[in-house]
């Protein structure tokens with residue numbers, strides 16, 4: 001089992017210190033969520049939490065995920081750097097491709113693009129992107145990113161939402177065959193997209209192991225039927241800070257869990273975060289590696 005830590009709730013000036021400690025403690029990755037903007041009033045129901053409560057408020061500070069991860073890349077050597085999740089349909093694919101390949105190059109090939117279609121209609125309205133088209137935009141963008149990162153120049157694209165070229169896109173990605181794209185979402189369309197177009201699936205918030213196992217079984221079946229069963233495929237699930245049944249998650253097919261540092265407030269200190277990281281590493285990561 002691989003362990004990741006989301007940086008939600010940490011102060012930006014702590015990021016590099018925390019990342020170095022996380023790397024030394026045996027974590028495999030760090031992750032950064034993102035939104036472009038938040039409306040003055042959030043919808044009453046958040047689709048990726050059992051209680052319906054969003055993990056953000058309208059006045060939550062938002063940072064550019066790739067800028068922040070670039071800073072962490074320069075302070076670490078082995079940590080994977082991921083987004084959980086990047087709202088892919090909100091941006092032009094050339095902009096996303098440039099940001100991600102830059103981070104891939106800067107980090108020496110350690111980036112994973114975790115992406116989803118988005119759930120916040122107000123965010124799409126603010127950006128002038130039709131919310132109803134986010135699924136079809138996603139389907140067009142994913143293979144296009146791989147062509148830009150790994151395909152032969154010049155590249156021409158004629159699609160439903162984007163058309164350009166011929167253009168040259170350099171540099172290409174360090175990672176081969178391309179930068180991994182792991183897809184989030186739990187709707188039938190999102191799960192099918194993850195199975196057929198993704199390099200992995202990111203479960204977004206469920207703590208029900210049976211529910212997760214059922215979705216993984218569906219993903220496995222869809223990939224097998226499409227002839228993709230032998231291709232590597234990551235399964236990432238959320239893990240409560242106090243831990244959980246890692247054996248059951250692993251048996252279900254989960255290959256990575258992402259957790260967060262609990263109880264952070266405006267009065268929290270870096271030392272408190274450090275103590276939690278050390279305790280989690282000793283109690284959870286170390287015990288999971290025992291035969």
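The values are calculated or read from the model by the stated rules, or taken from the named source; none is laboratory data. Just so we're clear, the structure is a prediction, and the values are computed from it rather than from any experiment. Reconstructed Cβ throughout: ideal geometry from the backbone, glycine too, with neighbour counts over all protein chains shown.
Only one residue in 117, 100 is under 17 Å from the mean Cα position of the chain (by Cα), at pLDDT 95 or above and within 22 Å of residue 191 (Cβ to Cβ), so which one is that? Can you show your working first?
Details: 100 fails: within 22 Å of residue 191 (Cβ to Cβ).
Exactly one residue qualifies, and that residue is 117.
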Note to self: When you check residue 54 against the structure, is it part of a loop (DSSP other than H, G, I, E, B), crowded, with 18+ Cβ neighbours inside 10 Å and out of contact with any strand residue (DSSP E or B) (no Cβ under 7 Å at 6 or more places or on another chain), yes or no?
What the structure shows: yes
Notebook entry, point to check: Inside segment 165-187, can you point out the residues that are farther than 17 Å from residue 89 by Cβ, modelled with pLDDT of 95 or more and either out of contact with any helix residue (DSSP H, G or I) (no Cβ under 8 Å at 6 or more places or on another chain) or in a strand (DSSP E or B) (or both)?
Noted result: 166, 167, 168, 170, 180
Note to self: Any residue that is surrounded by fewer than 17 Cβ atoms within 10 Å (Cβ to Cβ), touching a helix residue (DSSP H, G or I) at 6+ places or on another chain (Cβ under 7 Å) and modelled with pLDDT of 95 or more - is there at least one of those in segment 146-156?
What the structure shows: yes
Check: Quick one: is residue 275 surrounded by 15 or more Cβ atoms within 10 Å (Cβ to Cβ) and either modelled with pLDDT of 95 or more or out of contact with any helix residue (DSSP H, G or I) (no Cβ under 9 Å at 6 or more places or on another chain) (or both)?
Finding: no
Next item on the list: Residues being under 14 Å from residue 97 (Cα atoms) and out of contact with any strand residue (DSSP E or B) (no Cβ under 8 Å at 6 or more places or on another chain): count how many of those fall in segment 149-173.
Entry: 8
Item checked: Filter result (touching a strand residue (DSSP E or B) at 6+ places or on another chain (Cβ under 8 Å) and within 16 Å of residue 141 (Cα to Cα)) within segment 196-213 -> 197, 198, 199
Check: Here is a list of conditions, (1) in contact (Cβ under 8 Å) with a residue 40 or more places away in the chain; (2) part of a helix (DSSP H, G or I); (3) touching a strand residue (DSSP E or B) at 6+ places or on another chain (Cβ under 7 Å), and residue 4 meets all of them except one; can you say which number that is?
Finding: (2)
Next item on the list: Among what's in segment 233-251 and is touching a strand residue (DSSP E or B) at 6+ places or on another chain (Cβ under 8 Å) and over 26 Å from residue 278 (Cβ atoms), pick the residue that is surrounded by the most Cβ atoms within 10 Å (Cβ to Cβ).
Entry: 235
Check: Out of segment 69-109, which residues are buried (at least 21 other Cβ atoms within 10 Å of the Cβ), under 19 Å from residue 259 (Cα atoms) and touching a residue at least 60 places away in the same chain (Cβ under 8 Å)?
Finding: 79, 82, 84, 85
